[in-house]
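I have placed the structure first, in the form of structure tokens, so that the comments after it can refer back to it.
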Amino acid sequence: MGFSVTASGIIVMAVLIISVLSMVSVIMKGYGMITSSIERKALSSVRSSLSITYITNVTVNQNNLTMTFIFSNNGSWSFWDFDHFDFILIYTSNKTNSESSKVLVYGRDWNITAILINGGLVERFNGVVDPSESGIVYASLPPDISFSQPITIVFVNQYGFKASYTFYSGV
């Protein structure tokens with residue numbers, strides 16, 4: 001009788017130890033997932049604050065279907081990889097009278113023509129828009145664009161953060 005009671009006690013203790021270890025493992029896995037999620041959110045927030053972009057001073061030349069605007073680099077990272085910028089134009093088409101969009105390609109449909117430094121000094125574009133500088137963008141517009149409807153510029157920088165600007169050029 002003494003052996004069976006001892007064996008039963010050992011089995012109960014083993015099951016209890018396994019249960020406690022399983023619970024600790026589940027808790028540690030949950031803690032790891034939570035800390036990983038917090039780290040991802042913090043990194044996203046830091047990246048966002050380091051690559052802030054604003055669009056201002058949009059000017060449209062309706063006769064030759066071009067536009068210029070200024071995008072400001074108000075973050076802490078330089079912009080240099082313009083082939084990896086996304087420039088999306090959302091507009092109403094004169095042909096279909098419905099909303100259309102066009103992705104403009106750097107070097108073909110849009111370029112940076114100059115740099116504004118500290119809000120006033122204009123310099124030649126050297127391939128980089130550093131923090132506190134602004135790029136003057138020159139872009140071609142689609143021939144079917146309606147100037148009597150709103151036009152939206154969506155400008156996504158090389159780090160994946162976007163600036164958008166909606167305006168009416170009016171006719």
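Once the gyration tensor of the Cα atoms in segment 74-156 is diagonalised, the equivalent ellipsoid follows with semi-axes of 28, 13, 11 Å, ordered largest first. Put simply, when 91-98, 106-113 are sorted by average Cβ atoms within 10 angstrom per residue, most first, you get 106-113, 91-98. With θ taken as phi - 60° and the Karplus curve 6.51 cos²θ - 1.76 cosθ + 1.60 applied, the whole-hertz 3J(HN,Hα) list for segment 52-57 is 7, 10, 10, 10, 9, 6 Hz, x standing for glycine and proline. Note on segment 52-66 and segment 111-164: Cα centroid distance 8 Å, given to the nearest whole angstrom. The calculated pair-distance distribution of the chain uses every alpha carbon pair, bins of 5 angstrom beginning at 0, and gives 1, 8, 13, 15, 12, 9, 7, 5, 4, 3, 3, 3, 3, 3, 3, 3, 2, 2, 1, 0, 0 percent.
A short reminder: the numbers here are calculations on the coordinates, not readings from a lab. Keep in mind that what you see is a predicted model, and the values were worked out from it rather than measured. A quick note on method: Cβ atoms are made from the backbone with ideal geometry, for glycine too, and the neighbour counts reach across all protein chains shown.
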